[in-house]
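Undergrad: Mind looking over this structure? Questions follow.
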Amino acid sequence: MKYAFYPALLFFLVLLSCEKDQPIVPSEPERNPDRLDFQAPVVGQSNTFEIRSYECGEEIPTTGGDLELSITAVTDEEIQFTESTGNGTPFVFSARRAEGALVISPEDRQQSQLFYFYGSDTLRLSAPPVVEVTYQDCVFYNDGEKFTGDYVASLPYLELDGKTFTDQKVVSCVPVVLSLDGYLFYDEHGLSASITVTEGGFGELTTSTTAYLLKAEGE
């Protein structure tokens, strides 16, 4: 009887060993249904962005407070967004839903606080990055040159104003018609930051940055 037990025990040990060798596949954290989601938009979803101003790292007190981006209507063809702050009239605009992208008209981008500098109609949500950018002296670079273009770049890590951004997609100003550098940080679900950088001043130039940074849940 005991000899019949050994094959069963051996089979169990082999099975247990195989299970231990199986790779652990990390699962994507469950998203808060109240947070804005480009892929699964629902009326009432919203994200809040903290408005910050800097002179190349030196924070300037701001009175703008926060900006809220919310979804106020959804159809199969479009998502209606509303940008609102404590000051001024809310701005309502629509983005056309395309496969793996959102299409926002030039007229709407011009009035948007988050998208005004981005000169491409299409925000490519699912397009893979083709270059990697780095951050230095308040500006983002690709191979030593200022990053400019609507081609998608990746930003593995950035810490700004105590906020950490990882594995972000980045697009920049298109075309270069404004005297500024601008960047949108996002993933397939939503916008993480909108940052503009300008140079000015008399004598020694100063670099000024305005950033809309996504606030974490509970902030």
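Undergrad: Would you please name the residue that is nearest to Ser179 (Cα to Cα), looking only at residues in the stretch 195-211 that are at pLDDT 85 or above and of a type outside the set (Ser, Thr, Tyr)?
TA: Among those residues, the one meeting the criterion is Val197.
Undergrad: Still on this model: Consider Gly88 against the criteria (1) more than 20 Å from Gly190 (Cα to Cα); (2) over 17 Å from the mean Cα position of the chain (by Cα); (3) not charged (D, E, K, R); (4) not in a loop (DSSP other than H, G, I, E, B): it satisfies all of them except one. Which criterion is unmet?
TA: (4)
Undergrad: Here is a further query. Considering every residue within the stretch 121-140, establish whether at least one is over 17 Å from the mean Cα position of the chain (by Cα), free of Cβ contacts under 8 Å to residues at least 24 places away in the same chain and surrounded by fewer than 17 Cβ atoms within 10 Å (Cβ to Cβ).
TA: Yes, there is a match, as at least one residue in the stretch 121-140 is over 17 Å from the mean Cα position of the chain (by Cα), free of Cβ contacts under 8 Å to residues at least 24 places away in the same chain and surrounded by fewer than 17 Cβ atoms within 10 Å (Cβ to Cβ).
Undergrad: Of the residues that make up the stretch 52-61, is at least one of a type in the set (A, V, I, L, M, F, W, C) and part of a strand (DSSP E or B)?
TA: Looking only at the stretch 52-61, we keep the residues that are of a type in the set (A, V, I, L, M, F, W, C), and these are 56, 60.
Of the ones still in play, those that are also part of a strand (DSSP E or B) are 60.
Looking for residues that are of a type in the set (A, V, I, L, M, F, W, C) and part of a strand (DSSP E or B), one finds at least one in the stretch 52-61, hence yes.
Undergrad: Let me ask another. Can you run down the residue pairs with Cβ atoms below 9 Å, 6 or more apart or on separate chains, where the first is in the stretch 83-97 and surrounded by fewer than 11 Cβ atoms within 10 Å (Cβ to Cβ) and the partner is of a type outside the set (Asp, Glu) and in a loop (DSSP other than H, G, I, E, B)?
TA: Within 9 Å, the pairs are Gly86/Gly64; Gly86/Gly65; Asn87/Thr63; Asn87/Gly64; Asn87/Gly65.
Undergrad: Also, quick follow-up: Could you check the stretch 107-219 for strands (runs of 3 or more DSSP E) lying wholly inside it with 3 or more residues that are touching a strand residue (DSSP E or B) at 6+ places or on another chain (Cβ under 6 Å) and among the hydrophobic types (A, V, I, L, M, F, W, C)?
TA: Correct list: 153-160, 163-172, 191-200, 206-214.
Undergrad: Select from the stretch 142-164 the residues that are touching a Phe, Trp or Tyr at 6+ places or on another chain (Cβ under 6 Å) and among the aromatic types (Phe, Trp, Tyr) and list them in ascending order.
TA: Hit for the stretch 142-164 is Phe147, nothing else.
Undergrad: Looking at (1) closer than 24 Å to Cys138 by Cβ; (2) aromatic (Phe, Trp, Tyr); (3) at pLDDT 95 or above, which is the one condition that is false for Tyr54?
TA: Every condition holds for Tyr54 apart from (3).
The values are calculated or read from the model by the stated rules, or taken from the named source; none is laboratory data. These numbers come from a predicted model, not from an experiment. Every residue, glycine among them, receives a Cβ derived from its backbone with ideal geometry; neighbour counts consider all protein chains shown.
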